1. If you roll a 1.4 Å probe over the chain with all protein chains in place, what percent of the accessible area is carbon or sulfur?
2. Can you spot the lysines whose alpha carbon is less than 22 Å from Lys133's alpha carbon? Ignore those fewer than 8 places along the same chain.
3. Summing -39500 (n - 2.57) over the DSSP H runs of n ≥ 4 in the chain and dividing by its residue number, what mean residue ellipticity at 222 nm do you reach, to the nearest 500 deg cm²/dmol?
4. Please state the shape class of region 114-220: rounded when a/c is under 1.5, otherwise prolate if a/b exceeds b/c and oblate if not, all from the C-alpha gyration tensor.
5. Among Leu199, Leu155, Leu59, which one shows the highest mean-square fluctuation when the chain is modelled as a Gaussian network with alpha-carbon springs under 10 Å?
6. Rounded to the nearest 10 degrees, what's the angle between the helix 28-49 long axis and the longest principal axis of the chain, both from Cα atoms, 0 to 90?
7. For region 49-105, what is the charge dipole size about the Cα centre, in debye to the nearest 20, if Lys and Arg each add +1 at the Cβ and Asp and Glu each add -1 at the Cβ?
8. What lysines could a cross-link reach from Lys27, if we take a straight Cα to Cα line under 17 Å and drop same-chain neighbours fewer than 8 places away?
Amino acid sequence: SIQAKTLCQIFQEYIADARKSIDIEVKKDTVYSYERTYDILKDFMKLTYKRSDFALQELNLSFIEKFNVYLRSNLKHKKNTAVKHLRCLMRVVNVAVANRHLSFDPFLNFKAQREICERVFLTEEELRVLINKDFRIKRLERVRDLFVFCCFTGLSYSDVKTLTPEHFETDANGRTWIKKKRVKTGVLFRVPLLPIPKLILEKYRGGDKLLPVVDLSSTD
């Protein structure tokens, strides 16, 4: 039999279960994404329907389409950002269907397709200008340093965020390398530590982290 539950209830339960699995099956940033989607969803229901919650059986295609419009129009999200939130909602709803809290899939006739974006690469001159730029705001300076480090190493944000001293090794010729598994794919990579990223590491030596990465789940 179908067990009566509300949208907020299943979302809260999903997030609670995900928090228990952090660093086991789920990454902390992934949980943050669901928490952010849930907060946006509550604001959407309050503004659009003047309600704080919905029974699962009330969900339909119209609700999803209006949520999509809210993301794109009210919040001014680009298509791929909106799709990210829609997929979070879709995942929670699919779990509800699998657990027999919902007798149908309201996403059945809705397509949440990301659009392919053309990557724009910095020129050597643009990168040089960025490296030499003086920032009055320290936060922007840290963001710049992290970005430049990624440019010269090929590491992603999640790879840099999990970088530790154990990931550095020196070969017989005295050259330092970064050796680490990719966070998203688990593939092992090995890249040389070039002079500019080495200077950035030395700049932040003695801090709590190797580099000034920002924890997306932090409210600070």
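The values are calculated or read from the model by the stated rules, or taken from the named source; none is laboratory data. None of these values were measured; they are calculated from a predicted model. Neighbour counts run over all protein chains shown; Cβ positions are idealised from the backbone, glycine included. These area figures cover heavy atoms from the full protein model, side chains too; ligands, DNA and RNA do not enter into them. Shrake-Rupley method; radii C 1.70, N 1.55, O 1.52, S 1.80 Å.
1. 52
2. Lys198, Lys203
3. Computed mean residue ellipticity for the chain: -15000 deg cm²/dmol.
4. rounded
5. Leu199
6. 40
7. 380
8. The qualifying lysines are Lys84, Lys161, Lys181, Lys184.
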